[in-house]
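The values are calculated or read from the model by the stated rules, or taken from the named source; none is laboratory data. Keep in mind the model is a prediction, meaning the values are calculated, not measured. Neighbour counts are summed over all protein chains in view; Cβ atoms, including those assigned to glycine, are modelled from backbone coordinates with ideal geometry. The area values use the complete protein model at the heavy-atom level, side chains included, leaving out ligands, DNA and RNA. Shrake-Rupley method; radii C 1.70, N 1.55, O 1.52, S 1.80 Å.
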Amino acid sequence: MMKTQSTMDSPLGPLTITTEDGALIRIGFGYHGEAATAGAPAIGTPDDVVRQLTAYFAGDRTTFDLPFAPAGTEFQQRVWAALDEIAYGQTISYGELTERVGVPRDRVRAVAAAVGANPLLVVRPCHRVIGADGSLTGYAGGLDRKRELLTLEGALQPALL
């Protein structure tokens with residue numbers, strides 16, 4: 001297994017991108033401190049990941065076509081697959097996501113925990129899940145970044161100063 005890790009600048013701060021055998025396994029804001037395979041230098045991010053993220057932040061891309069292989073439980077994988085179905089520029093509540101996953105409403109906290117464990121920020125759109133009252137709740141990259149991502153996608157109006 002060949003694991004690589006690198007960072008790229010984004011309008012919202014540095015993104016750390018981790019791949020394993022050519023598939024994206026983690027992307028997040030800041031440095032995650034995950035080491036590449038022992039003795040193997042981080043050889044850089046695949047050009048396609050950087051190209052697609054750059055186009056997204058420029059407003060020229062609404063979907064990602066990247067190989068994903070994040071580790072997670074079967075339940076997390078189901079929730080993450082449902083995140084992939086949330087359209088660009090749209091938001092849904094945790095309750096609606098719970099229904100889409102096909103679990104009882106009393107499992108909404110488990111669904112929210114799986115959303116919070118999403119290792120693929122930005123490309124797997126957990127930022128599109130909001131509170132039932134429309135409030136911005138929880139985001140591993142911080143609520144300011146969540147607001148900026150939703151504004152970029154047109155789901156929120158830009159804040160007036």
Note to self: Within the chain, what whole-number % of the accessible surface is contributed by carbon and sulfur, with the 1.4 Å probe and all protein chains included in the calculation?
What the structure shows: 51
Next item on the list: Leaving out ligands and nucleic acids, note down the accessible area per residue over region 61-161 with a 1.4 angstrom probe, in whole Å².
Entry: 53
Next item on the list: Just need the relative contact order of the chain here, percent rounded to a whole number, with Cα pairs under 8 Å and 6+ apart.
Entry: 20
Next item on the list: Can you pull the one-decimal nm distance between simple spin-label points at Ala117 and Thr63, each 7 Å off the Cα toward Cβ?
Entry: 2.8
Next item on the list: Over every pair of different alpha-carbon atoms in the chain, take the mean of 1/r and invert it; report that Kirkwood radius in Å.
Entry: 16.3
Checklist line | Segment Arg105-Glu74, length gained on full extension (0.36 nm per residue, minus Cα span) | finding: 9.3 nm
